[in-house]
Amino acid sequence: MFSGIGHIALRVLDMPATLHFYCDVLGCKPAFEMKDREGNPWVVYIEVAAGQFVEFYHGGSRTDTMPHDAHTEVGLVHFCLVVDDVQAAAREIALRGGTVEGPPIQGVSKNWLFFIRDPDGNMIEIMQLHPDSPHLNYKEAN
């Protein structure tokens, strides 16, 4: 069913420091950025290897407690699995007993996606790449 891992997403405290580490220290390449629907900085992608990305979300924070809310902490937000047909994948996962968290939607990146959670509550994005997706076309823009 899956053709690969699309990306791993991390919420970070300091985007410039994060990009310096991954790009300057580790040698990964900046790929593209996306703004939210209001035009605010939202996510930055780097390319680890051809077609393989790490996605960094702005807005991480640290607290003394560790609630299970990925939107208030630093660290893993979700990981993404790529499929050829997002609708068929949603049906198949539901038939196998998985809980699909809402119907597939078209995201800001134009890709079709939906989310599920593993038994520990880790979020998994299931994504069908759109032909105009920045994941496929960012090299042409740079």
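At a glance:
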read-out	value
Neighbour-count ranking [beta-carbon atoms within 10 angstrom, fewest first] of ILE116, ILE105, ILE124	ILE105, ILE124, ILE116
Helical mean residue ellipticity (222 nm; -39500 (n - 2.57) per DSSP H run of 4+; nearest 500) of the chain	-4500 deg cm²/dmol
Loop sites in region 86-129: chymotrypsin sites (Phe, Trp or Tyr not before Pro), DSSP, at most 14 other Cβ within 10 Å	none
Tensor-based shape of region 4-46 (alpha-carbon gyration tensor, a/c under 1.5 rounded, otherwise prolate or oblate)	oblate
Cα gyration tensor category, rounded, prolate or oblate, for region 72-119 with a/c compared to 1.5	oblate
Residue range of the chain that is longest and free of trypsin sites (Lys or Arg not before Pro) which are both DSSP loop and sparsely packed (at most 10 other C-beta within 10 Å)	97-142
Against the rule of thumb 2.2 N^0.38 Å, how large the Cα Rg of region 92-138 comes out	1.28
Relative contact order of the chain, pairs being alpha-carbon contacts under 8 Å that are 6 or more residues apart, as %	25
Potential lengthening between GLN87 and LEU26 on full extension [0.36 nm per residue; Cα-Cα distance subtracted]	18.3 nm
For region 2-141: rounded, prolate or oblate by the Cα gyration tensor [a/c cutoff 1.5]	oblate
Karplus (6.51, -1.76, 1.60) ³J(HN,Hα), θ = phi - 60°, over region 9-14, in Hz, Gly and Pro reported as x	10, 10, 8, 10, 7, 9
Among ALA31, HIS130, LEU13 the positive-end extreme of the charge dipole of region 2-141 (Cβ point charges)	HIS130
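Rule-based calculations on the coordinates, nothing more; no lab input. From a predicted model like this one, the values you see are computed outputs, not experimental measurements. Note: ideal-geometry Cβ built from the backbone for every residue, glycine included; neighbour counts use all protein chains shown.
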